[in-house]
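S.K.: Got a structure for you, written out below as structure tokens; questions coming shortly.
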Amino acid sequence: MSIAAYALSLFACLLTAASYPAFAHEVRDVLAINANWTFQHGGTPGERLAADPSGWQGVNLPHTYNAVDGDDGSGYYRGPAWYYKTVSLPAASEFTRTFIEFDGAAVVTDLWVNGAHVGQHKGGYARFRFDLTPYLRAGENQLLVRTDNSASLQVAPLGGDFTIYGGIYRPVRLIRTHDIHFDMLDYGSSGIEIRQTEVSAQQAKLAYRVRVANDGRVDRAVRVRARLKDGRKTVLSLETSLTVPVGTVAVADLAGELIAPHLWNGVIDPHLYQSEVTVEDNARSRLDSATIATGLRSIVISPDQGVLLNGRPYNVHGVNIHQTMLPGRGPAVTDANIDSDFHALEDLGVTGLRFAHYQHPQRDYDLADDKGILVWTEVPFVAKASPDTGFESNLQDQLRELVRQNRNHPSVFVWGLGNEIYSVDADSARLLDGLQALAHKEDPDRPTTYANCCAPIDGPQASHTDTVGSNVYYGWYDGQFDDLGPWLDANHVKRPATPEAVSEYGAGGSPYHQADPPSRPQPGSYWHPEQYQGLYHERAWAQIAQKPWLWASFIWCGFDFPSDGRNEGDHAGINDKGLITYDRRTRKDAYFWYKANWTTQPMLYITSRRAVTRHTADVAVKVYGNVDKARLRLNGRDLGEKTLGNHMAIWNVHLTTGKNTLSVEGGTTTDTVTWGLMPE
């Protein structure tokens with residue numbers, strides 16, 4: 001092996017060791033190519049400029065050209081941009097094929113290598129690959145990428161309450177393989193499908209479908225092996241022989257049964273096996289291999305009992321999240337940023353997440369597997385439908401990518417086919433019917449769902465999928481707090497045989513806006529007091545928690561996020577319905593309301609803690625918690641103990657002019673705030 005090839009191989013080993021262990025390859029060279037790109041805005045022909053890229057900006061990936069204007073509320077650039085990089089490759093290597101893998105680039109991506117157009121990908125959120133082998137040469141190679149986030153009637157999404165960032169905003173790598181390898185061009189998937197059926201504490205039937213490609217010059221006889229491992233112990237071993245004609249992809253099917261499996265049981269016990277899949281030559285030398293995290297579980301969604309996980313009722317509650325986005329970075333974030341978000345969600349006590357409104361980065365799914373969080377994930381069919389035939393084709397391709405890249409994740413339990421499509425017409429009906437049929441063809445084992453809004457639960461728009469969710473905001477956009485429960489009951493009467501969820505509910509809230517007690521704000525106004533958001537969620541959750549037939553409920557939303565068309569709350573361009581602020585610095589009062597309801601580690605939290613300047617002496621001090629009783633003190637003076645009925649207690653307190661320190665204690669947990677009362 002040459003020094004250059006050895007360096008590539010060493011880098012691949014380091015990359016694999018540093019990545020999340022839910023999916024890894026052992027018989028490939030993997031070279032991250034995220035550093036030292038140059039970038040230019042605009043529609044100028046980049047093919048010509050690449051010959052003299054002076055004046056281009058140096059950037060590293062991941063990168064978005066909407067990092068600033070995507071959340072400032074002033075409108076953001078939607079159009080083309082160019083990325084350019086030179087990559088050096090060794091003259092000789094044991095690997096014969098080279099692919100480029102984009103984890104995500106938005107929205108339409110074109111690639112040129114050494115001046116030749118390699119291909120185009122339409123869709124901003126899925127992983128995709130191109131085969132670079134015919135275009136590469138030993139030594140230096142020029143890569144030129146054009147991304148374009150312009151609106152197009154042929155590419156989903158056409159609308160939606162979120163910024164559609166442009167650029168190569170997720171990592172990119174070169175992958176070098178042997179002539180025989182798992183299918184690299186199967187819609188960005190691993191080329192391996194693991195299907196589980198008849199899963200119980202007694203047994204689990206497993207079927208592996210492995211797509212093997214032969215890019216060599218002769219037909220090849222190979223062996224495909226699948227080993228299910230529990231730690232270092234192999235608990236199931238399968239193998240089969242396969243002949244792969246030259247220039248084709250052949251499919252190996254392996255099936256077996258595991259006795260007394262250790263089940264993946266949500267947040268209670270998210271046990272993961274590892275599936276080691278290899279393809280070998282007749283000398284038993286490995287030609288390609290993969291390790292895939294495998295959780296064994298059964299999930300049934302019942303219209304009367306909600307989710308049955310491994311045969312038992314399981315309460316799915318959580319939040320909607322967009323992919324991790326941060327000020328000044330947009331979605332061009334690190335794995336550590338994503339991990340931090342999931343730590344906050346785990347601390348909140350979620351058992352489920354809705355990945356809105358598109359495919360998320362693979363690390364999101366890997367973390368959900370590892371933490372036992374059930375996931376609703378969906379295609380970006382949002383707000384609008386297009387009659388263009390290209391739109392239907394693109395939407396179906398994005399569904400194929402979503403399913404094939406994520407069907408091996410035990411956390412994924414429903415496929416979302418659409419969200420708030422406002423026009424109830426023939427185009428939207430045709431598209432939803434087509435997605436429904438395709439979803440069941442691609443994955444016969446998971447149900448589909450749709451997030452319905454602004455149309456009857458028994459109307460045509462909500463009747464294409466196996467289950468349905470409702471986006472409902474009583475007490476925020478319309479109606480009153482207490483309208484929610486009766487409305488849900490009426491829906492259940494209308495469709496008793498259809499499993500129903502609450503896919504969205506929520507209210508805006510700014511930690512910079514304090515009003516204690518608050519009056520009801522106008523949703524489109526500047527003033528979104530944090531206290532009103534807390535009241536909203538207190539009343540909403542009290543009603544949702546009394547509906548055990550709901551198969552899930554998801555708050556809108558976990559984190560504030562960019563939506564450049566909005567001009568409300570304390571910051572234009574931001575949707576502020578999150579339980580946590582966009583910059584991740586503040587967990588709002590409502591976050592702790594749910595933590596009190598969803599977690600068991602003892603906690604107490606004094607609300608309105610940011611209302612530090614008071615003008616009224618008589619105040620109601622509200623405390624959230626999950627302990628039985630709590631005692632409040634003011635400047636050390638005992639104000640008595642109260643029972644936390646429904647995870648809340650309220651003390652009527654008279655403040656004195658100047659500094660007022662309030663402390664609450666219950667069992668082993670305490671909390672403290674300091675308010676100042678202004679003199680009259």
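S.K.: Examine segment 527-537 for a residue that is farther than 27 Å from residue 666 by Cβ and part of a loop (DSSP other than H, G, I, E, B), and state whether such a residue exists.
M.R.: Yes - at least one qualifying residue is present in segment 527-537.
S.K.: Go through segment 206-225 residue by residue and tally those that are under 21 Å from residue 118 (Cα atoms) and part of a strand (DSSP E or B).
M.R.: Looking only at that region, the number is 2.
S.K.: Consider residue 424 carefully, then state whether it is within 23 Å of residue 300 (Cα to Cα) and touching a residue at least 12 places away in the same chain (Cβ under 8 Å).
M.R.: no
S.K.: Now, a different point. For the list (1) among the charged types (D, E, K, R); (2) open to solvent by 40 Å² or more (accessible area, probe 1.4 Å); (3) under 26 Å from the mean Cα position of the chain (by Cα); (4) over 16 Å from residue 293 (Cα atoms), I need the number of the one condition that residue 183 fails.
M.R.: Every listed condition holds for residue 183 apart from (2).
S.K.: Of all residues in segment 384-432 being more than 22 Å from residue 469 (Cβ to Cβ), in a loop (DSSP other than H, G, I, E, B) and at pLDDT below 95, which is least open to solvent (accessible area, probe 1.4 Å)?
M.R.: 386
S.K.: Applying the selection to segment 469-488, what residues are open to solvent by 60 Å² or more (accessible area, probe 1.4 Å) and touching a residue at least 40 places away in the same chain (Cβ under 8 Å)?
M.R.: Those that are open to solvent by 60 Å² or more (accessible area, probe 1.4 Å) and touching a residue at least 40 places away in the same chain (Cβ under 8 Å): 477, 482.
S.K.: Could you list, in sequence order, all residues of segment 489-507 that are exposed (fewer than 13 other Cβ atoms within 10 Å of the Cβ), among the aliphatic types (A, V, I, L, M) and under 15 Å from residue 547 (Cα atoms)?
M.R.: 490, 493
S.K.: Can I ask one more? Considering only strands (runs of 3 or more DSSP E) fully contained in segment 622-680, which possess at least 3 residues that are open to solvent by less than 40 Å² (accessible area, probe 1.4 Å)?
M.R.: 629-634, 648-654, 658-666, 669-677
S.K.: Could you look through segment 447-462, keep only residues that are hydroxyl-bearing (Ser, Thr, Tyr) and without any contact (Cβ under 8 Å) to a residue 40 or more places away in the chain, and pick out the one that is nearest to residue 307 (Cα to Cα)?
M.R.: From segment 447-462, those hydroxyl-bearing (Ser, Thr, Tyr) are 448-450; that's our starting set.
If we keep only those that are without any contact (Cβ under 8 Å) to a residue 40 or more places away in the chain too, we end up with 448, 450.
Details: 448: 14, 450: 16 Å.
Among those that are hydroxyl-bearing (Ser, Thr, Tyr) and without any contact (Cβ under 8 Å) to a residue 40 or more places away in the chain, it is 448.
S.K.: Looking only at segment 585-621, count how many residues are open to solvent by 30 Å² or more (accessible area, probe 1.4 Å) and touching a Phe, Trp or Tyr at 6+ places or on another chain (Cβ under 7 Å).
M.R.: Going through segment 585-621 one residue at a time, the tally reaches 3.
S.K.: Give me a count of the residues in segment 236-245 that are β-branched (Val, Ile, Thr) and open to solvent by 60 Å² or more (accessible area, probe 1.4 Å). Explain how you work it out, then say what you get.
M.R.: Step one: of segment 236-245, the residues β-branched (Val, Ile, Thr) are 240, 243-244.
Add one more test, that the residue is open to solvent by 60 Å² or more (accessible area, probe 1.4 Å), and what stays is 243.
Summing the residues that are β-branched (Val, Ile, Thr) and open to solvent by 60 Å² or more (accessible area, probe 1.4 Å) in segment 236-245 gives 1.
S.K.: List pairs: first in segment 369-394 and in contact (Cβ under 8 Å) with a residue 24 or more places away in the chain and over 18 Å from residue 450 (Cα atoms), second crowded, with 21+ Cβ neighbours inside 10 Å and among the polar types (S, T, N, Q), Cβ under 7 Å, 6+ apart or cross-chain?
M.R.: Qualifying pairs under 7 Å: 369/411; 373/411.
The values are calculated or read from the model by the stated rules, or taken from the named source; none is laboratory data. From a predicted model like this one, the values you see are computed outputs, not experimental measurements. We place every Cβ from the backbone using ideal geometry, glycine too, and count neighbours over all the protein chains shown. Each accessible area value is taken on the protein alone, full model and side chains, heavy atoms only, with ligands, DNA and RNA left out. Shrake-Rupley method; radii C 1.70, N 1.55, O 1.52, S 1.80 Å.
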